[in-house]
1. Restricted to the range B:14-55, and to residues that are in contact with a Gly (Cβ under 9 Å, 6 or more places away or on another chain) and within 27 Å of B:A218 (Cα to Cα), which residue is surrounded by the most Cβ atoms within 10 Å (Cβ to Cβ)?
2. Identify all residues within the range B:223-237 that are touching a residue at least 40 places away in the same chain (Cβ under 8 Å), over 12 Å from B:H178 (Cα atoms) and out of contact with any Phe, Trp or Tyr (no Cβ under 7 Å at 6 or more places or on another chain); write none if there are none.
3. For the range A:142-161, does any single residue satisfy the condition of being under 22 Å from A:E330 (Cβ atoms), in contact with a Cys (Cβ under 7 Å, 6 or more places away or on another chain) and either surrounded by fewer than 16 Cβ atoms within 10 Å (Cβ to Cβ) or not polar (S, T, N, Q) (or both)?
4. Looking at the range A:227-280 only, could you name the residues that are assigned to a loop (DSSP other than H, G, I, E, B), away from every other protein chain (no Cβ under 14 Å), free of Cβ contacts under 8 Å to residues at least 40 places away in the same chain and out of contact with any strand residue (DSSP E or B) (no Cβ under 6 Å at 6 or more places or on another chain)?
5. Scan the range A:241-265 residue by residue and report those that are under 23 Å from A:D148 (Cα atoms) and among the aromatic types (F, W, Y).
6. Hey, does the range A:120-129 have a residue that's among the basic types (K, R) and within 15 Å of the chain's Cα centre (by Cα)?
7. Residues that are surrounded by 24 or more Cβ atoms within 10 Å (Cβ to Cβ), out of contact with any Phe, Trp or Tyr (no Cβ under 6 Å at 6 or more places or on another chain) and on the phi > 0 side of the Ramachandran plot: does the range B:117-128 have at least one?
8. Does B:H69 count as within 19 Å of A:R236 (Cα to Cα) and touching a Lys or Arg at 6+ places or on another chain (Cβ under 7 Å)?
Amino acid sequence: MSPSEKRFWSGNVALAEGALAAGVDFYAGYPITPSSEIMEHVARELPKRGGVFLQAEDEIAAIFLLIGASWADARPMTATSGPGFSLMQEGLGIAAMTETPLLVVDVMRVGPGTGQASKAAQGDLLQARWGRHGDQIIPVLAPSSVQDCFDLAVFAVNTAEKLRTPVILLSDELLAHTWERVEVPKEVERVERRRPSGGEPPFGSSDPRVPPPMPRLGEGHGILMTGSTHDPWGFRRTADPETHRALVARLWDKILLNRDALCCYEAVGVEEAEVGIVAYGSVARSALAARKLLAGKVRVGVVVLKTLWPLPEKPLQLLAERARLILVPELSLGQLVYDVERVACGHCPVLSFPKVGGGLPIYPEELAARILEARR
Amino acid sequence: MRVHPLHAYLRKEALPTAFCPGCGNGLVAGALLRALRRSGADFQKTVFVSGIGCAAWIPSPHFRADSLHVAHGRAVPTALGVKLRRPELSVIVVGGDGDLAGIGGNHLLHAARRNADLLVIMVNNLVYAMTGGQVGPTTPKDLPTPTTPYGNPEYPMDVAQVVAAAGANYVARWTAAHLPELERSLVKALGKAGFRFVEVVSQCPARVGGRLQMLPVAAMRWLKEASKPVGKAAEGEIAVGEYVERDRPGLLCALGRIKDGGASA
């Protein structure tokens, strides 16, 4: 292990620092609670490090600034919250289709609409997965500690570069404003984007696990980039079924065939679990605390998901085989529960624990009580 | 065999273009390429960015240069992302009135306010042509379109004037019937820093001409006859000429990305 330093940071600052450590050198964003500290931190830090910071006129501009910058060889990021995340979906669709590496952080707050700006929720999960029109999948990561905020920001930037894809990091207001100690490694891995060595098509790949190399603007490649259906050289082929099928299949495979490398999670006490909990984000902390509360009474196994899409199915399958029931606590009316149910595939009942907090978190005590009640 | 001197700038595979017979896009493309040649532009260091619409197809896929073809209305922020990261590249946006002044209007306004170092060429064909000729932000009052079948009840936006007021360094308007003037304006714009905006009022034989039973040649005649110098055009006429020309430091300079007076386009 490389030497590290200790820092005391909020989730938002740790996220910004992780992204900077991973080489983020371009940021465009629009202020929105509860994500603004990320932008303010980067606005101070980036100019000192030779990077570019711009406050955009809206979130739509922000995401397209990132797309342009990425093609001009930047490692770009932005951060926002629910309402801004909705506006960024347009650009995320273009980024997925054009295979443009970039990082979008969504610090989730209470919705729908403008909801409660400074309160935590988990209502954006399926927006992160399906917010764009059309068939596409973007990796979605979710920290559940301030340390995770740093580590997963690094992982997110590197994943974007490695797989030539946008990446979404879902934080939440509780985590954003929680202060914790962070171990910051002196050196952080930086994945370099693949570049064409000559003659390779910028939008085609013979190995679906490996993205095509991405040319830089201004080097004579004659780049033809388009958000419309395109052939491996970038020519629009909007009336050709086979071109479209092959393109969508490749974009899909590029993420799913790398599932094992993408799936981060923590499995605690799964092998001997009587009752299972599947959770992510700040709610996962309540899940782990509930496990402690029930120690000696109920053997609780917890899977903390740090990658949400593609979904880490293996630990969930194992949990479903071991436990008599699985509880899925969410700070929403329940979105993750449907996929856990699908993966559990009838091995055990999967119960939703939905909570529209309206500003309140899920408390460990209420989770523990629900488990005792369900076990009866 | 003699080859057209502008063919060097075009992708052979992309020809013939998909533009309708009589469309003004070919004239605008020609003027832009001639202006680039006259300015001695390095095509390898020129990036074209466009959104969605007929004019967006002028550079993509026709120009033998780097081009980013993104979502409707979003060419300007995409272009600014490129320019901020690579100030040494010349970044040019080509789009239509609906793309740049309608759905992308906010981006246009703020790019002009920031004096972002971009050249934006807006081909104004008065309607949303690609989708069937529906009313747009520049459609003349009372003109019937598929979504204003009883005539356009709204007033059009004078986009050049708005962009000039927002803070651009250079703004001009010409028509597809003023090609030498257009070319001169583009050459001038290419030599300047900051935000530069050139509007070209153009004929759409398919979506406007067809509806008005106006042949392309009659449309060109109308463009010529209805055009009056800036400040002398009455309502319903087309004001042509320069709206503003100044040399405020561009955004890149303000951010310290380039030295004062450096890097144009």
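1. Across the range B:14-55, the extreme among qualifying residues is B:A55.
2. Residues of the range B:223-237 touching a residue at least 40 places away in the same chain (Cβ under 8 Å): B:223-224, B:227, B:230, B:236.
Remaining after also requiring over 12 Å from B:H178 (Cα atoms): B:230, B:236.
The one that is touching a residue at least 40 places away in the same chain (Cβ under 8 Å), over 12 Å from B:H178 (Cα atoms) and out of contact with any Phe, Trp or Tyr (no Cβ under 7 Å at 6 or more places or on another chain): B:G236.
3. yes
4. Narrowing the range A:227-280 to residues assigned to a loop (DSSP other than H, G, I, E, B): A:227-229, A:231-235, A:237-240, A:257-258, A:263-264, A:269-274, A:280.
If we keep only those that are away from every other protein chain (no Cβ under 14 Å) as well, we get A:240, A:257-258, A:263-264, A:269-274, A:280.
Then keep just the ones that are free of Cβ contacts under 8 Å to residues at least 40 places away in the same chain; that gives A:240, A:269.
The one that is assigned to a loop (DSSP other than H, G, I, E, B), away from every other protein chain (no Cβ under 14 Å), free of Cβ contacts under 8 Å to residues at least 40 places away in the same chain and out of contact with any strand residue (DSSP E or B) (no Cβ under 6 Å at 6 or more places or on another chain): A:D240.
5. The answer is A:Y265, and nothing else.
6. Step one: list which residues in the range A:120-129 are among the basic types (K, R), which gives A:129.
From what's left, within 15 Å of the chain's Cα centre (by Cα): A:129.
Yes, some residue in the range A:120-129 is among the basic types (K, R) and within 15 Å of the chain's Cα centre (by Cα).
7. Scanning the range B:117-128, I find at least one residue that is surrounded by 24 or more Cβ atoms within 10 Å (Cβ to Cβ), out of contact with any Phe, Trp or Tyr (no Cβ under 6 Å at 6 or more places or on another chain) and on the phi > 0 side of the Ramachandran plot, so the answer is yes.
8. On the way: within 19 Å of A:R236 (Cα to Cα): yes; touching a Lys or Arg at 6+ places or on another chain (Cβ under 7 Å): no.
In short, no.
The values are calculated or read from the model by the stated rules, or taken from the named source; none is laboratory data. All of these numbers come straight from a predicted model, not from anything done at the bench. Note that we place each Cβ from the backbone using ideal geometry, even for glycine, and neighbour counts take in every protein chain shown.
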